[in-house]
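Notes follow the structure.
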Amino acid sequence: MKKNRAVGLVGFGQMGAAIASRLRGAGHTVRVFDSRIVALARAQEQGFEVAPTLKELACGMETIFLCIPDQRTLEAVLTGRTGIAHFERPLAVCIDLSGSPPDAIKTMSETLAKRGTSLIDAAFSGGLHAGRRGNLMIAAGGEEALVQRIRPMLSSLGSTVIWAGPPGAGTALKALNTALSAASFIATAEIIAAGRVAGVVPDHAVYAINESDARTYSSEVTYPLDVLTRVFKRGISLGDCHRDLACVGLVARASRHPLMMTSLVREALAGGVQHLGEEADFTRMYDMFSPSNQPVSGLSGSLLREDSATMTAALFGILLLVTIEVAELVVSSGIDPANALLLFNASSGRNQCTTALAAMHAGATSNWPTDSVEDVLRATQWVVDRGVERKTPLPLTSLAGELWRAKSAQLGPSALTWPAWKAVKHLFAPTPEPATQ
């Protein structure tokens, strides 16, 4: 595929405009179509060639990017009565950036393939700011050789581009990354809320988390930059997060994997959408657990070593359970584990569980946490009790406590959390090298 070429773009919203600018900056000529007249006018003002119809956009094109906000519109553009699938001259490839459900992507891919057009679902993580900087994390589903051919174009949009698997795998992997990210953010908010009751100020709580095995991308990046500063501008909406978790639910249903922790994350996001609206930045959910006007009482904000260890043990217990659920879905969805871990650890899904798994998958040794089941169970109960004192529901921690209580009955309270890792380690075991003759 030529390095610099004419490409089409359907959808010129905020993210579509960022995509168009990145492609133009990489030397491509970009032609834009949007059904909204005001969006086309804005594209023209910014110096882009515009097409009044989808058919005119596709004229002479081999590659079209689609940045469309909803599945119904995407289906109309690709496979509807007047869509791309019915054009006399087939396109070489359509690159969907919309993040539609994997089963819908598979169906559209099959329809387009009959007309000689390939569909790549290039789902991205990172939000508008990363899109403008070209720092998106992109998981591409489709034919691997084709993904490699279009990698230069995708690399102008994202700092990390990986092949996820067959059509639909890109969207699935992106949604699983969101599940890890949202779970770590919400769980950290619950832990901070409990810490405030015990007299631990949020800044100190985040510091303690970042010195422990419970540290995550959320605690190291999102909380210091967007929450503790009360900026709340990560650039990712609650509505987008909730849609991704709904996609995870569809993936789980298709693979017949029950979800417990991840389903609760989706419920929490649904509550955030109801209270704050779809367009609200997802970081504003923090105030639902730990509002800024909630006083810090008891210890005058001093950080006790015992409380610190208890809080971080509870958070680690939550993260481990969520990581196990996500790991099972990665494997059952046919996503390459190494590439999944690469995406998680390069973006907002990173936690110490995913980092340790990546080291293990690469054949390196990793220091696994030595918490006992009893330690984690006692810690989650401590957090739940602090929530009861303040009459603040802490659903993720409560469910984690129930699950660890069941694990204690199964393994014994003195057992290490190590047995819980066995399923994950088995799933992500590196492929052995073939024996040499």
Residues being over 13 Å from residue 318 (Cα atoms) and either outside the structural domain of residue 324 (by TED's automatic domain parsing) or part of a helix (DSSP H, G or I) (or both) - total across the range 379-404: 7
So residue 172, is it under 20 Å from residue 253 (Cβ atoms) and not in a helix (DSSP H, G or I): no
Selection within the range 225-235 - assigned to a helix (DSSP H, G or I) and exposed (fewer than 15 other Cβ atoms within 10 Å of the Cβ): 225
Odd one out for residue 429 among (1) out of contact with any helix residue (DSSP H, G or I) (no Cβ under 8 Å at 6 or more places or on another chain); (2) of a type in the set (Gly, Ala, Ser); (3) at pLDDT below 60: (1)
Residue pairs meeting the criteria (Cβ under 6 Å; at least 6 apart or on separate chains; first more than 17 Å from residue 100 (Cα to Cα), in the range 54-79; second not hydroxyl-bearing (Ser, Thr, Tyr) and not in a loop (DSSP other than H, G, I, E, B)): 54/33; 57/8; 57/31; 57/33; 61/8; 63/7; 63/93
Residue in the range 132-144 that is farther than 28 Å from residue 319 by Cα, buried (at least 24 other Cβ atoms within 10 Å of the Cβ) and in contact (Cβ under 8 Å) with a residue 40 or more places away in the chain present: no
Residue in the range 71-82 that is modelled with pLDDT under 90 and under 23 Å from residue 343 (Cβ atoms) present: yes
Residues located in the range 339-391, provided they are free of Cβ contacts under 8 Å to residues at least 40 places away in the same chain and of a type in the set (Gly, Ala, Ser): 356, 358, 359, 364, 366
Residues satisfying the stated conditions in the range 126-142, i.e. in contact with an Asp or Glu (Cβ under 9 Å, 6 or more places away or on another chain), closer than 17 Å to residue 13 by Cα and part of a loop (DSSP other than H, G, I, E, B): none
Helices (runs of 4 or more DSSP H) lying entirely in the range 289-368 (those with 1 or more residues that are buried (at least 18 other Cβ atoms within 10 Å of the Cβ), modelled with pLDDT under 85 and of a type in the set (Gly, Ala, Ser)): 305-332
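The values are calculated or read from the model by the stated rules, or taken from the named source; none is laboratory data. All values reported here derive from a predicted model rather than from experimental measurement. Here Cβ is always computed from backbone atoms with ideal geometry, including for glycine, and neighbour counts include all displayed protein chains.
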